[in-house]
Amino acid sequence: MVHDLYILMITAGVVALLFKLLKQPVVLGYIVAGILVGPHLFGEKLVDMENVETWGNIGVLFVLFCIGLEFRMKNLFESGKIALVGAATIVVGMMFFGFGVGKFAELDTMNSLFLAAMLCMSSTTIVMKAIDEAGLTKARFVKGATSILIFEDIIAVVLMVLLSSIAVKNSFEGTVLLEKVGILAATLAVWFIVGILIIPTLFRWVRPYLNDEILIVLSLGLCLGMVLTAEEAGFSSALGAFIMGMILAETKEAHRIEHLMAPLKNVFAAIFFVSVGMMINPSSLVAYWPSILIVAAVIIIGMILFGTLGCWWGGETLKDSMMTGFSFVQIGEFSFIIASLGSKLNVTDPAIYPIIVAASVLTTFLTPYIMKAAVPAYEFLYNHASSGLKAKIDAREQQVELAEKAAAQPTADTNAPSSADKVRHAVRKTIVTKRVVDLFLRNMSEND
């Protein structure tokens, strides 16, 4: 086992360093490292695949736990229409797009459904890294883009649960699916509400004794406890890790936990991406290159189209909408996880996995260059638009600017109760729920 870990880490480190020098995402380096140490390239079994798969599964849990830690309910409510409409448009549009591609390729319904799910999720890690490297972190579109990615992460976790249920039962009955969605929603609500009521309160009680060592051990224990709870309830382990991350995100220790988890997450996430690369047979990439190009083209065209439309319908300016759409032109970690899920459940064609990974690598490589084309594409569209469309574009720009100015100015009556205050006041009038609601609202506002 130590031998396997040595081979993995030294290869991943060297290749990732090379990709960093070439100014490419290190995730691609990890995948290439996996191809190098995998059983297909040199015909030798350099590492034990079972060990790597076990570590990769742990990596998935830690990655999703950390994604949950970055999630704030307050940010979700503030993102509002743009995030909700944008994410829904992208996911629904790409699901139909991907399902249609699967049917066109003569795949069966199950394969087409999994393919659609793999194509509808942009990579939060790659998008934010590309934005940072492009020097656009302060750009106006970034807030909306980040909110959409958060919603997509939530949808991805729910999709994983639903796809697992559909694959196990091999059934698409509407009533059964609705029942599963209802059970999932109720379970999530109970877990989250109970978690918010209990865990932040317990953390406040023991805060004087929480050094870094105890905090990280306790956090990982809670994470793994929720993972086991999710598995016992019939849901995926990834869902439990994500939910516990969301719960701990509402504590005052959230940023400390994120900081402490970063090295652990980076190590196991690297192992996960290496394990993804190990499943790729380079000869299959040669055999499937037309399919890889088609899937990559579907991702790029679909994400630009649905990303732009979703943000525009959500209230963004056309320029910001196009910059968001042009930055979402890749798939990443959740696509790999869903692809692995289909392989483990033996419900997807073996050819889909290498095609998806190769398409992800290709689109990730192209993302920085496509992002640079967003502004020229907007200027071309604006200059060639009809007078009526130009008027709508200009009117939306003025609306957004006025809204920003209004949000930046202090309100005239600072003592006027907010909507949240009114809700608190109304609910607190009920005697039975007073203490529970007070505790829940206190815990939810710890990071305010």
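The values are calculated or read from the model by the stated rules, or taken from the named source; none is laboratory data. Since this is a predicted model, take the numbers as computed values, not measurements. So basically every Cβ, Gly included, is an ideal-geometry build from the backbone, and we count neighbours across all protein chains shown. Please note that ligands, DNA and RNA were not included when accessible areas were found on the heavy atoms of the full protein model with its side chains. Shrake-Rupley method; radii C 1.70, N 1.55, O 1.52, S 1.80 Å.
Odds and ends about this structure:
- Solvent exposure ordering (accessible area, 1.4 Å, most first) of Val217, Val274, Val347: Val217, Val347, Val274
- Solvent exposure, largest accessible area first (probe 1.4 Å, DNA, RNA and ligands not counted), of Met371, Met128: Met128, Met371
- Gyration tensor (alpha-carbon) shape descriptor, the range 1-67, a/c threshold 1.5: oblate
- Percent of C-alpha pairs per 10 Å bin, the range 227-360, short to long: 11, 26, 31, 28, 5, 0
- The range 346-374 and the range 1-22 have Cα centres separated by 22 Å.
- Violating pairs (Cα-Cα greater than 19 angstrom) within the set Lys138/Lys372; Lys143/Lys392; Lys143/Lys319; Lys138/Lys252; Lys129/Lys252; Lys81/Lys372: Lys143/Lys392; Lys138/Lys252; Lys129/Lys252; Lys81/Lys372
- Ranking Leu366, Leu163 from most to least accessible surface, computed with a 1.4 Å probe over the protein chains only, gives Leu366, Leu163.
- Accessible surface of Arg396 - all protein chains present, 1.4 Å probe, nearest 10 Å²: 50 Å²
- Where labels lie 7 Å past Cα in the beta-carbon direction, separation of His255 and Met49 in nm: 4.5 nm
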